[in-house]
Amino acid sequence: MKAIVVRPGERDSIHMRDMPDPKMKPDQVAVKMLRVGLCGTDAEINHGLYGKPPDGDEFLILGHENLGVVEDVGKKVKGWKAGDLVVSTVRRPCGVCPQCKSGENDMCSSGQYTERGIMRRHGFMAQYYVESPQFLNKIPKPVRDFAVLLEPMSVVEKGIDHAFLLQRRTTWKPKFGMVLGGGPVGLLAAAVLRARGLRTLVIGREEANDLRAQISKQLGAQYLCVANKALPDVPKETGYPDLVIEATGSAKVVFDAMEILGPNGVLCLLSVTGGQTQNQEPIDLINQRLVLGNQVVFGSVNANPRHFAMGVKDFVTIDKKWPGTLSRLLTNRIPWQDHKSWFNERGSGIKSTLEIS
């Protein structure tokens, strides 16, 4: 089969090549790939920054955001049939730590997990893959067009879910949510907060006529451009949020966000930042507000099967309330043979996908 691969650790090694066809076991299903979402993780792996191939392999098949259709079903598999639309989860449990043994493989403490398209397990930029049904999510046909967003949606679901779990320490009924960043993760977070009934403000650097602003307003959220504003000054206009979802990719914004929380507020950090940037911060003020305000700052990454299931459910809810909105996030649909065009020049737009079939 054809697949897009990299040689991990080697910069700009991405290319398409023939790879062995996956062999389906009796307790697995074979999936034909339809579409793969592209994100910064894919670019960073191609830059040689991280990623590992499966043991004994030279290459890693890239791609973790996925949408496919069941092609064949093993003899021991029940409840699945050819034609089912599916999205696979990404991380696989280590089988050693207590978190993975309880189904929380996203919280693995041993570091021996594997991840599709990232760490020691082939990804989805291929014509086919095989998988155990326990790691697959059935996709309702009405949300097929944007279902490739389920993996980033699961990250959002986990972050918001854990914010509420943390606040079981008190009677917490958030009314005002703020989303920092108008990329795919930020806009998905805005959609979930709106589906939960929160007044929602999306903050970005794009102008008010940008597509990101239009999508925010279509969801019933407000949009505020801060290209010429300091984030710590925003609450003077909007009030202090109960819940902030940070999805900007900027460490500077992370520390600014610590200054804008309301009493008992929660800040969920979804950005993964690299580099060695240093900056002066008002650490006394931040510490004082966190302590006296009973505030919480936590980071979240990856997701477990429960959050994928939550994402499917919310996809259906959001599409019924605001039809067609999430499809607008998919702005660049690229034939997969032209994959290098994105890796060489990512360009504008919100979300790019490789169209495999």
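The values are calculated or read from the model by the stated rules, or taken from the named source; none is laboratory data. These numbers were taken from a predicted model, which means no experiment stands behind them. Please note: Cβ atoms are built from the backbone with ideal geometry, for glycine as well, and neighbour counts cover all protein chains shown.
Which pairs turn up if I take residues in region 308-320 that are in contact (Cβ under 8 Å) with a residue 24 or more places away in the chain and within 14 Å of L193 (Cα to Cα) and look for partners that are of a type in the set (K, R) and assigned to a helix (DSSP H, G or I) with beta carbon separation below 9 Å, at least 6 apart in sequence or on another chain?
M310/K158; I318/R194
Could you check region 99-111 and list, in sequence order, the residues that are touching a residue at least 24 places away in the same chain (Cβ under 8 Å) and either of a type in the set (S, T, Y) or in a loop (DSSP other than H, G, I, E, B) (or both)?
G103, E104
Confirm whether L326 is buried (at least 18 other Cβ atoms within 10 Å of the Cβ) and either under 20 Å from S88 (Cα atoms) or touching a His at 6+ places or on another chain (Cβ under 7 Å) (or both).
yes
Given (1) farther than 24 Å from A147 by Cβ; (2) at pLDDT 95 or above; (3) out of contact with any Asp or Glu (no Cβ under 8 Å at 6 or more places or on another chain), identify the lone condition not met by R7.
All conditions are met except number (3).
Tell me, yes or no, whether region 134-147 has at least one residue that is in contact with a Lys or Arg (Cβ under 6 Å, 6 or more places away or on another chain) and touching a residue at least 12 places away in the same chain (Cβ under 8 Å).
Checking region 134-147: not a single residue is in contact with a Lys or Arg (Cβ under 6 Å, 6 or more places away or on another chain) and touching a residue at least 12 places away in the same chain (Cβ under 8 Å).
Counting only residues that are assigned by TED's automatic domain parsing to the domain that holds Q295, in contact with an Asp or Glu (Cβ under 8 Å, 6 or more places away or on another chain) and crowded, with 16+ Cβ neighbours inside 10 Å, give me the strands (runs of 3 or more DSSP E) lying completely in region 112-221 with at least 2 of them.
176-180
Does L211 satisfy the condition of being closer than 13 Å to V179 by Cα and either among the aliphatic types (A, V, I, L, M) or at pLDDT 95 or above (or both)?
no
Given the criteria under 20 Å from G177 (Cβ atoms), crowded, with 16+ Cβ neighbours inside 10 Å and in contact (Cβ under 8 Å) with a residue 60 or more places away in the chain, does T238 qualify?
Spelling it out, it is not the case that T238 is under 20 Å from G177 (Cβ atoms), crowded, with 16+ Cβ neighbours inside 10 Å and in contact (Cβ under 8 Å) with a residue 60 or more places away in the chain.
With the condition kept exactly as written, say whether any residue in region 80-98 is outside any loop (DSSP other than H, G, I, E, B) and in contact with a Cys (Cβ under 6 Å, 6 or more places away or on another chain).
no
Just to confirm my filter: which strands (runs of 3 or more DSSP E) fall fully inside region 258-357 and include at least 3 residues that are farther than 20 Å from G123 by Cα and touching a Lys or Arg at 6+ places or on another chain (Cβ under 9 Å)?
330-335
From G51, G40, grab the single residue that is in contact (Cβ under 8 Å) with a residue 40 or more places away in the chain, surrounded by 23 or more Cβ atoms within 10 Å (Cβ to Cβ) and within 19 Å of the chain's Cα centre (by Cα).
One residue alone meets the criteria, G51.
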